[in-house]
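Each reported figure results from applying straightforward, stated rules to the coordinates on display, with no laboratory input. The model shown is predicted, which means the values in this text are computed figures rather than measured ones. Every residue, glycine as well, gets a Cβ built from its backbone with ideal geometry; the counts of neighbours run over all protein chains shown.
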Amino acid sequence: MKHEIENIRHSFAHLLAAAVKNLYPAVKFGIGPTIENGFYYDFDNIELSDKELPKIQKEMVKIARQGHEFKFEEWDANKSKEHFRKLNQPYKIELIENLVKEDPAKNSKVGMVHTGDALLDLCRGGHVENTKDLPVNAFQLTRVAGAYWRGDEKRPMLTRVYGLAFNTKDELEKYLTLQKEAEKRDHKKLGKELGLFIFSELVGPGLPLFTPKGAKVRKILTDFVENLERQNGYEEVWIPHITKPDLYKTSGHLEKFKNDLFYINGSPKNPEQSEFILKPMNCPHHTQIYKSQMRSYKDLPVRFFETTTVYRNEQAGELGGLTRVRSITQDDGHVFMREDQIAQEFKTIIKIQQTLAKAVNLKDYWIRLSLRDEKNKGAYIGDDKTWQNAQREMEQLLKDHAINYESKQGEAAFYGPKMDFIARDSIGREWQFSTIQLDFNLPERFGLEYVSEDGSKKTPIMMHRAFMGSVERFMAMLIEHYAGAFPLWLAPEQIWIVPVSEKFNDYAQKVSEMLEEEYGKNAAQETPKLRLSIKSQNETLPKKIRAGQIQKVPYILIVGEREQNAQAIAVRDREKGDLGLSTIKEFVINVKLELQQVNK
């Protein structure tokens, strides 16, 4: 009998708890939910490392083969608390109390599940019928980690055991193979090897520092996006990095995100100075630029953009490389428009997004279209007709452009529908990196207006959009997508010129000048120069070539006596290996053709 994968994973979580209870009787249980590709369970009063996982997994298999039935029951909350009190399980008691507070309408009933005689646990349900139904050859415990209880740094640190679970052994093996490839591509590892970014304990966690090479990649990406924005009618603005709290009180962000903000409280010089906040987002600031002058319906849409950093007090345990940081650089932008302009603005933004995706070779992507819950319209602000029209136009636009999408009813924000851009990288993993969000809320809260055609004042609709989303996360994705081997247009170092020995250093310099001169012929004024580097160090040729391979340089040009006599270069391509002799002109023609592919 085939079971839903979520039920299989949920059942394995209970099986994990049962195995740990058998092996470590004094354990205290936290929670054990399913997650993407598997499950985890949190434990206290126990010390575990990865070395113990094979023993625990063996015990899980043993319990599974005993054939315990999963039986769900509803218990009175007080009865459940008394049960866990006798077992000295304080976390379960806290969970029950929270469940009753969250939903008193349940008449203080909570779910309990029996894993036969092996375990009785607090649970909402979703299991296989019997432990013998579990594919014990298709799961694996993977690692032990620390996790604060309920994600609160002020609460105890628990021991979290992660596991994978699939329907078949083949699916598990395929996933493990993919994970091995992902480990090779880990942007934290490659970022260090390629010298792109670092972290410093003196600076603090979640605050990356970009080296000249890493900063070059950031600059290339942001320049590319900003050029697209300018070409499509966006105007660049600039805002400060701090603000009075009043701005976020008005927007509503202060109350909602008060624990995620960084606060600045006066200074020794000016102790009476008012409190300020490091900006966690840019949209409220942009509303003030819009509001600085009265707008006519003829002026709309007004499009602002900037690449700027925001700051969010993420929990230390959730930080990870560039994918989760405290200083988040956004290619942020906002459009203020009339209702009849919504479709065209979405069309423009999707066009820019597709251009960026093509440039970075993300060919496989889809859009998650988040719509309101039509059965609960009262939970959303804004005019009903505007919601209906906007959602219909968004969906029609995706159909017209033949873009794969999934509609998600009830996932819209209370202030407007949105589109999330999801791309699959070169090994099939999905990354969300951009969002297009309609907003009927902020313009109203800030009293934004424009003069309509009939002379009356109306409230514009606001659109939030970012193409890379977080530049840091986008870079992490690209590092892993390319396994560090950036395409020529994005590579921080495009060409190394490597003399065979020191006596050919002068010719290497001449080659560099000839390359720049030839590349500059017929080039537009704004065309960036080639990123060349002469490796004239007194090292062996194989060592220099090996260094270039490790740094994943697209082209290594070797120059020695043969090349000097022929006034040529020996070309080594990162992917194809040695290409033999080439004239400077031939090489530059090929480089130009390769770079031109980006914008086609």
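The string of couplings for the stretch 528-540 from the Karplus curve (6.51, -1.76, 1.60, θ = phi - 60°) is x, 6, 5, 8, 9, 8, 9, 9, 9, 4, 7, 10, 5 Hz, one whole number per residue in order, with x for Gly and Pro.
A straight chain from Lys375 to Ser200 at 0.36 nm per residue would run longer than the Cα-Cα distance by 58.0 nm.
Placing pseudo-labels 7 Å out from each Cα toward the beta carbon at Glu516 and Lys169 gives an inter-label distance of 6.2 nm.
Based on other C-beta atoms within 10 Å, arrange Arg368, Arg473, Arg546 from fewest to most. Intermediate results must be reported in sequence, preceding the final value.
On the way: Arg368 16, Arg473 21, Arg546 12.
Listing Arg368, Arg473, Arg546 from fewest to most nearby Cβ atoms yields Arg546, Arg368, Arg473.
With each label modelled as a point 7 angstrom along the Cα→C-beta vector, the Ile242-Val61 pair spans 6.0 nm. Please report how far the C-alpha centroid of the stretch 1-51 lies from that of the stretch 519-598, rounded to the nearest whole angstrom. Here the answer is 54 Å between Cα centres.
For the chain, the longest principal axis of the C-alpha atoms and the axis of helix 5-23 are separated by about 70°. Which lysines have a Cα lying under 17 Å from the Cα of Lys62, excluding residues fewer than 8 positions away in the same chain? The reachable lysines, counting only those whose Cα sits under 17 Å from Lys62, are Lys21, Lys132.
Can you give the relative contact order of the chain as a percent, counting alpha carbon pairs under 8 Å and 6+ residues apart? Don't skip to the end; give the middle numbers.
Working: 1048 pairs, mean separation 60.3, N = 600.
With pairs under 8 Å counted, the relative contact order is 10 percent.
3J(HN,Hα) along the stretch 500-512: 4, 8, 4, 5, 10, 5, 5, 5, 4, 5, 5, 4, 4 Hz, from the Karplus curve 6.51 cos²θ - 1.76 cosθ + 1.60 with θ = phi - 60°, whole Hz, x for Gly and Pro.
When DSSP beta bridges are restricted to pairs lying wholly in the stretch 495-599, around 55% turn out antiparallel.
Cα centroid separation, the stretch 116-138 to the stretch 392-453: 39 Å.
Counted by Cβ distance under 13 Å from Thr250, the other residues give a net charge of +2, where Lys and Arg count +1 and Asp and Glu count -1.
Taking a sphere under 15 Å around the Cβ of Val27 and counting the other residues whose Cβ falls inside, with K and R at +1 and D and E at -1, yields a net charge of -1.
Calculate how steeply helix 212-231 sits against the longest principal axis of the alpha-carbon atoms of the chain, using the helix alpha-carbon long axis, and give the answer as 0 to 90 degrees to the nearest 10. So the inclination is approximately 90 degrees.
Could you tell me how far the Cα centroid of the stretch 216-268 sits from the Cα centroid of the stretch 149-212, in Å? Centre-to-centre distance over Cα atoms comes out at 27 Å. Amide H to amide H distances under 5 Å link Arg160 with Phe43, Ala145, Gly146, Ala147, where only residues 5 or more positions off or on other chains count and H is placed in the peptide plane.
Summing +1 for each Lys or Arg and -1 for each Asp or Glu, what net charge is found among the other residues whose Cβ lies under 15 Å from the Cβ of Asp340?
Details: positive: Lys298, Arg338, Lys347, Lys385, Arg392, Lys458; negative: Asp299, Glu339, Glu345, Asp383, Glu393, Glu453, Asp454.
Taking every other residue near Asp340 into account, the sum is -1.
What FRET efficiency, computed as 1/(1 + (r/R0)^6) with R0 = 30 Å and r the Cβ-Cβ distance, is obtained for Ala547 and Lys219, rounded to the nearest 0.05? It comes to 0.80. Computed from label points 7 Å out along Cα-Cβ, the spacing between Ser426 and Glu153 is 3.7 nm.
Using the 10 angstrom Cβ neighbour count as an exposure proxy, how do Tyr234, Tyr380, Tyr41 rank, fewest first? Numbers along the way, then the final one.
Values: Tyr234 22, Tyr380 19, Tyr41 25.
Sorted ascending by nearby Cβ count, the order is Tyr380, Tyr234, Tyr41.
Once the Cα atoms are used to define both axes, helix 541-550 deviates from the longest principal axis of the chain by about 40 degrees.
Taking other C-beta atoms within 10 angstrom as a stand-in for reagent exposure, Met60, Met157, Met294 fall in the order Met294, Met157, Met60, fewest first. Placing a label point 7 Å from the Cα of Gln388 along the Cα-to-Cβ direction, the residues of the stretch 451-493 whose backbone N falls under 20 Å from that point are 461. A Förster radius of 35 Å combined with the Cβ-Cβ distance from Asn137 to Glu411 puts the calculated FRET efficiency at roughly 0.45.
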